[in-house]
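Okay, so here's the structure we're looking at.
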Amino acid sequence: MVADGAVYQFDDVDRAIVALLKDNGRITNRDIARKLNITRATVGTRIARMTSTGALRVVAATDFAAYGYDVLLAIGVEVHGRPAEDVARELALLPEVFAVHLVTGARELEILVAAHDFGELSNGVIDGIAGIPGIRSIDVGIAADIVKYQFDVGISR
């Protein structure tokens with residue numbers, strides 16, 4: 001949870017700050033301080049410490065459909081003759097690929113791909129993936145519906 005391998009130790013104040021940021025990513029340090037009855041300096045210091053250690057990232061999440069992505073794929077990738085990490089790095093360079101995971105199981109990698117339509121897939125996405133050296137096979141699953149799409153996972157107690 002921290003860049004140097006150590007685990008960041010969240011306390012109750014850290015958890016409260018993160019909860020407020022998850023609820024409203026645009027909340028000011030002043031408003032957080034006021035809600036938690038602590039100083040703005042304390043809020044700023046804690047957010048800086050959490051972000052600098054890699055324990056917290058403040059990001060904007062978007063809806064795929066809002067950008068016209070109507071096709072989501074989960075693709076299992078079987079690797080042969082090359083380290084899976086090297087193949088993963090090359091897959092991560094493809095613009096349609098928005099997530100690459102090294103996994104255990106029948107396949108070494110799982111990638112998530114977004115496309116505007118099925119035509120886009122046949123016009124290069126699958127060819128780009130299959131053309132990477134070391135890929136023995138791919139197993140494509142098409143997302144029929146999104147039941148849960150949530151990035152605000154994290155600390156709780």
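Couple of notes before you dig in:
- Among (1) at pLDDT 95 or above; (2) charged (D, E, K, R); (3) within 30 Å of Ile17 (Cα to Cα), the one test that Asp86 misses: (3)
- Each residue in the range 58-100 was checked for being loosely packed, with under 13 Cβ neighbours inside 10 Å and in a strand (DSSP E or B), and 1 pass.
- Residue count for the range 27-57, restricted to those that are out of contact with any Phe, Trp or Tyr (no Cβ under 7 Å at 6 or more places or on another chain) and either of a type in the set (S, T, N, Q) or not in a helix (DSSP H, G or I) (or both): 13
The values are calculated or read from the model by the stated rules, or taken from the named source; none is laboratory data. What you see is a predicted model, and the numbers here were worked out from it, not measured in a lab. We place every Cβ from the backbone using ideal geometry, glycine too, and count neighbours over all the protein chains shown.
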